[in-house]
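The values are calculated or read from the model by the stated rules, or taken from the named source; none is laboratory data. Computed from a predicted structure; not experimentally measured. For neighbour counting, all protein chains shown are included, and Cβ atoms are generated from backbone atoms with ideal geometry for every residue, glycine included. Side chains included, ligands, DNA and RNA excluded: accessible areas come from the protein's heavy atoms. Shrake-Rupley method; radii C 1.70, N 1.55, O 1.52, S 1.80 Å.
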Amino acid sequence: MKRLILPAMAFGLFFGCEQTPEKVAVKTYSIEQFYKNINVSGGSFSPDESKMLVSTNETGIYNAYEIPVDGKGEKKQLTNSTVDSYFALSYFPNDERLLFTADQGGNENNHIYLQQPDGTQKDLTPYDSAKSSFYGWSQDKQSMFIASNKRDAKYMDVYERTIASLDSETGFGEVIYQNNDGRDVAAISPDKNYFALTESITSADSKMYLYNKATGETTDISEHEGDVQYNPQFFSLDNKELYYLTDEGAEFVYLVKRNLATGTIEKVYEDKWDVWYAYVSQSGKYRVIGVNEDASTKVHIFDMTTGKEVTLPAIEGGSIASVNISDSEKLARLTVSTSASPSNIYVYNFETNALTKLTDTLNPEMAASDLVEGKVVRFKSFDGTEIPGIYYQPKNAAPGEKVPALVWVHGGPGGQTRLSYFALIQYLVNHGYAILAVNNRGSSGYGKTFYHMDDQNHGDKDLKDCVAGKTYLESTGVIDMDKVGIIGGSYGGYMVMAALTFAPEEFNVGVNLFGVTNWLRTLKSIPPYWESFRKSLYDEMGDPYTADSVRLYEISPLFHTERVTKPLMVLQGANDVRVLPVESDEIVEGVKANGVPVEYVVFDDEGHGFRKKENEIEGYGQVLVFLDKYLKGEGEPVAEK
């Protein structure tokens with residue numbers, strides 16, 4: 001629900017270019033039509049593998065649904081929330097009870113709920129001030145793992161609760177790892193004796209430990225020189241080896257295994273890009289590896305009985321982004337992603353090679369041909385550094401009819417804009433705005449050197465990369481360079497405010513989606529459960545309790561609002577625990593004092609990012625109205641409500 005909108009003018013966050021195609025006719029769609037598209041996620045198989053459990057927002061808010069795997073029946077809604085989003089986690093291993101998770105209005109204090117087949121629900125983690133996460137089922141399918149900070153708000157302990165106890169007992173079950181040292185449990189062995197732990201040292205360096213539950217001993221298994229990252233993935237089914245990701249001695253992350261008895265390390269899989277994740281199927285027949293290949297996911301499935309890679313079917317109009325293999329190892333859920341429409345779910349049968357599409361997420365009122373696929377591009381920044389990006393060009397753009405443009409900045413710091421669907425991008429492109437989503441230095445996915453190029457240099461060189469994106473826009477020959485704005489969320493929202501504050505003549509407008517404006521306050525008020533990587537965050541951004549505070553003050557737009565001269569729009573969730581609402585309140589007041597046009601939209605029932613369709617329609621619809629008036633130069637100001 002929308003709390004307020006402040007009206008405009010209230011006073012007081014490839015090289016070169018290609019030949020440009022001719023302008024083509026394209027149908028434009030309303031914000032309501034874009035949000036009739038459906039987002040779908042998850043994909044847990046039922047015990048008999050006849051159905052799949054997913055989350056979708058087709059009712060306007062996320063709920064759990066089940067879909068017949070044969071693709072012949074109708075999907076069935078299983079939860080009926082109208083207030084908070086319910087995200088499906090899993091069916092039970094041996095019956096059709098299910099787990100789902102939800103927070104309260106975006107406050108991130110997630111609970112885990114059990115739902116019976118008759119719809120009866122039970123909160124398994126009934127602690128209002130605690131955050132709980134589902135860590136999966138045990139290998140023997142007799143118990144579940146839960147992580148929670150109910151004992152100490154700063155640390156996530158891990159509990160085991162047997163399935164048999166769920167109906168008769170309350171509480172989390174047995175504490176199997178008590179986190180007293182700020183270490184995170186990343187993997188648990190099938191016999192539940194070994195725990196792979198990680199500890200963040202800096203943004204570039206970490207440690208990995210092996211905890212032996214039987215002996216109580218914790219051993220550092222990551223002795224190294226220099227800066228190295230470790231990310232445990234899984235233990236072998238015989239409990240003898242640990243598989244983990246690391247960038248030790250390399251620019252990109254690769255997969256290795258460690259023999260727990262001898263300490264011998266063997267490289268398992270390496271690519272020209274970061275290996276993003278790896279896991280094995282129930283009996284170990286298949287190994288799945290995901291690679292972050294130039295802003296999209298490349299999935300590899302290996303048949304461990306033959307050592308050969310499984311050839312997955314080509315799917316027109318999309319790429320396979322993730323895979324979940326059923327316990328029988330006969331079926332695989334494939335999530336197929338594209339930047340032009342929401343992801344869809346397919347089922348692949350390893351035995352028959354049959355491929356079945358289970359969802360159709362694009363609003364039937366819309367034609368896929370009217371939407372635009374993103375294109376990976378590269379351009380040179382001010383110092384010659386090559387910057388990757390994703391470019392969306394409106395189909396009506398032509399040299400004789402140039403269009404306005406936006407530089408889009410992702411969240412983070414350290415995030416990455418990927419070739420995936422975001423309705424706001426498509427909505428704006430459909431209405432005639434070109435968008436260049438910049439993966440500025442400091443973005444993940446392009447090697448550790450690139451990732452650390454902005455450490456304690458935020459609001460400077462990374463901002464200059466965003467400004468340099470304008471040179472790529474100009475090279476297309478279809479952009480009106482007098483009409484270029486900047487937009488971004490979270491850390492990207494900070495970059496918007498940094499651009500308007502520290503480079504006030506570079507962009508004509510800014511749209512800040514819940515962005516940081518006061519680094520001193522934000523870094524002091526991070527959620528308590530971020531304690532395990534507080535040191536890493538402070539290493540990258542600066543420690544607000546030290547002399548770093550001087551630089552953090554200087555790069556915080558809030559303290560320099562008198563420099564902002566261009567129209568600004570801000571969107572904020574009232575329950576945001578990462579970027580507190582006061583951040584946006586204060587930046588709006590500061591900019592208003594300059595007599596600059598400001599629009600401000602706050603949602604009482606949202607946190608860090610918006611989940612409810614009614615809010616997305618309201619907020620993102622107002623973004624277009626704002627841009628049409630202040631960037632495109634047409635339309636009327638937003639009416640006060």
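Within segment 261-303, restricting attention to residues that are more than 25 Å from the chain's Cα centre (by Cα), of a type in the set (Val, Ile, Thr) and not in a loop (DSSP other than H, G, I, E, B), which residue is farthest from GLY447 (Cα to Cα)? So the residue we want is ILE265. Beta carbons closer than 8 Å, at least 6 apart along the sequence or on distinct chains, pair a first residue in segment 30-48 that is farther than 17 Å from LYS75 by Cβ with a second that is part of a strand (DSSP E or B) for PRO47/TYR91. Set side by side, the residues ALA164, ALA186, ALA196 differ, and just one is at pLDDT 95 or above, farther than 21 Å from PRO527 by Cα and not acidic (Asp, Glu), which is ALA196. Taken over segment 235-249, the criterion of being open to solvent by less than 20 Å² (accessible area, probe 1.4 Å) and of a type in the set (A, V, I, L, M, F, W, C) is satisfied by PHE235, LEU242, LEU245.
Considering only segment 25-81, how many residues are among the basic types (Lys, Arg), over 26 Å from HIS431 (Cα atoms) and surrounded by fewer than 15 Cβ atoms within 10 Å (Cβ to Cβ)? Reasoning before the result, please.
Let us first name the residues in segment 25-81 that are among the basic types (Lys, Arg), namely 27, 36, 51, 72, 75-76.
Add one more test, that the residue is over 26 Å from HIS431 (Cα atoms), and what stays is 51, 72, 75-76.
If we keep only those that are surrounded by fewer than 15 Cβ atoms within 10 Å (Cβ to Cβ) as well, we get 72, 76.
Adding up the residues that qualify gives 2.
As for segment 209-223, it holds no residue that is outside any strand (DSSP E or B), surrounded by 21 or more Cβ atoms within 10 Å (Cβ to Cβ) and out of contact with any strand residue (DSSP E or B) (no Cβ under 8 Å at 6 or more places or on another chain). Of the residues screened, LYS592 is one that is of a type in the set (Lys, Arg) and within 21 Å of ILE486 (Cα to Cα). When you scan segment 534-551, do you find a residue that is open to solvent by less than 40 Å² (accessible area, probe 1.4 Å), among the charged types (D, E, K, R) and within 26 Å of ALA468 (Cβ to Cβ), even just one? Yes - at least one qualifying residue is present in segment 534-551. Does GLY105 meet the test of being under 28 Å from ASP360 (Cα atoms) and modelled with pLDDT under 95? The answer is no for GLY105. The test for being under 28 Å from the mean Cα position of the chain (by Cα) and closer than 27 Å to GLY414 by Cα does not hold for HIS560.
Look at VAL429 and say whether it is touching a strand residue (DSSP E or B) at 6+ places or on another chain (Cβ under 9 Å) and open to solvent by less than 10 Å² (accessible area, probe 1.4 Å). Against the criterion (touching a strand residue (DSSP E or B) at 6+ places or on another chain (Cβ under 9 Å) and open to solvent by less than 10 Å² (accessible area, probe 1.4 Å)), VAL429 qualifies. Checking each residue in segment 451-503 for being open to solvent by less than 10 Å² (accessible area, probe 1.4 Å) and at pLDDT below 95 picks out ASP454, HIS458.
Can you pull out every residue in segment 567-586 that is closer than 21 Å to ALA503 by Cα and buried (at least 21 other Cβ atoms within 10 Å of the Cβ)?
PRO567, LEU568, MET569, VAL570, GLU583, SER584
Residues that are surrounded by 13 or more Cβ atoms within 10 Å (Cβ to Cβ) and of a type in the set (S, T, N, Q): list the strands (runs of 3 or more DSSP E) wholly contained in segment 126-183 that include at least 3 such residues. Those strands (runs of 3 or more DSSP E) span 143-152. Please determine, by comparing only the residues of segment 314-331 that are open to solvent by less than 40 Å² (accessible area, probe 1.4 Å) and more than 30 Å from ILE390 (Cα to Cα), which one is nearest to the chain's Cα centre (by Cα). So the residue we want is ILE325. Of the listed requirements (1) closer than 24 Å to TYR451 by Cβ; (2) under 30 Å from the mean Cα position of the chain (by Cα), GLU223 misses just one: (2).
Within segment 398-414, restricting attention to residues that are of a type outside the set (D, E, K, R) and at pLDDT 95 or above, which residue is farthest from the chain's Cα centre (by Cα)? Before you say what the answer is, go through the steps one by one.
Residues of segment 398-414 that are of a type outside the set (D, E, K, R), as a first pass: 398-400, 403-414.
With at pLDDT 95 or above added as a condition, the list becomes 403-410.
Numbers: VAL403: 29, PRO404: 27, ALA405: 24, LEU406: 21, VAL407: 19, TRP408: 15, VAL409: 14, HIS410: 10 Å.
If we take residues in segment 398-414 being of a type outside the set (D, E, K, R) and at pLDDT 95 or above, then VAL403 is farthest from the chain's Cα centre (by Cα).
For THR385, the conditions (1) over 19 Å from the mean Cα position of the chain (by Cα); (2) over 23 Å from ASP462 (Cα atoms); (3) among the hydroxyl-bearing types (Ser, Thr, Tyr) are fulfilled apart from (2). Scanning segment 66-119 for residues that are basic (Lys, Arg) and outside any loop (DSSP other than H, G, I, E, B) returns a single hit, LYS76. Condition first: at negative phi, crowded, with 21+ Cβ neighbours inside 10 Å and not in a loop (DSSP other than H, G, I, E, B). Can you find one or more residues in segment 442-450 that meet it? No, that holds for no residue.
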